[in-house]
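Heads up, the thing below is written out as structure tokens.
The values are calculated or read from the model by the stated rules, or taken from the named source; none is laboratory data. Note that the structure is a prediction, hence the values are computed from the model and not measured. In case anyone asks, the SASA skips ligands and DNA or RNA and just uses the protein heavy atoms, side chains included. Shrake-Rupley method; radii C 1.70, N 1.55, O 1.52, S 1.80 Å.
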Amino acid sequence: MNATRTTLTCALLALCAAGCSRSNSVSLGDAQGAALPPDQVIERLPLGDLAGVAPNTLATRIANPYAGNPAAIRAGQALFTDMNCVGCHAYDATGGMGPDLTDRYWRYGGAPAEVYKSIFEGRPKGMPAWGKMLPDEQIWQIVAYLQTLGGMVPPRLAARALQGDVPHEVNSMNSMKGMQSEEQP
């Protein structure tokens, strides 16, 4: 009797686990299995500079592994809608209750790694932490989508942007808006 009960319990748990798995139906093509930055590195990103301490330039060295990948960008756009980011940031990401994600003004840093960290950990005044609900790959896909909107800061300018010292060409609405590559002026 106990053996039958144990067998039935194991079978029921296996069925529940199989039924609960989620899959992302968007194919990532070449980005499948992209090398993601280790969590230990992302955790070392500060929210800003500390007085009397040398600036942390870690965000300038971490690139989005899905940047420029069309399949990952489409997946990120779908996640932006599916996870209800549009509820606060609007469908065009120009803001509503939440901040505009298409401009160059990012309170907690606008480099890809800093945006990843904001999504993962959440921020005061309403931004929920998604790190326990979304795998790292999906957060990076959302970041890849946001990068296509032209508002993020290229990693090479992350430290200067946190200090409000972004070159004029980056602040110009006409020169950087909608750019796909950080290599362009």
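Things worth noting here:
- Taking all protein chains as they are arranged and a probe of 1.4 Å, the heavy atoms of E43 leave approximately 130 Å² accessible to solvent.
- Proximity of backbone amide H atoms, modeled 1.01 Å from N, is registered between V153 and G110, A111 at under 5 Å, excluding neighbours fewer than 5 places apart on the same chain.
- Solvent-accessible ranking of M133, M152, M127, M97, largest area first, probe 1.4 Å: M97, M133, M127, M152
- What the phi angles of segment 79-91 give under the Karplus curve with 6.51, -1.76 and 1.60, with θ = phi - 60°, is a coupling list of 5, 4, 7, 4, 8, 6, 5, 5, x, 10, 9, 6, 4 Hz, glycine and proline written as x.
- Cut-off under 5 Å, modelled amide H: who pairs with N64 long-range: none
- Classified by the C-alpha gyration tensor, segment 74-170 has a prolate form. Its axis ratio a/c, with a ≥ b ≥ c, is 1.5 or above, and a/b is larger than b/c.
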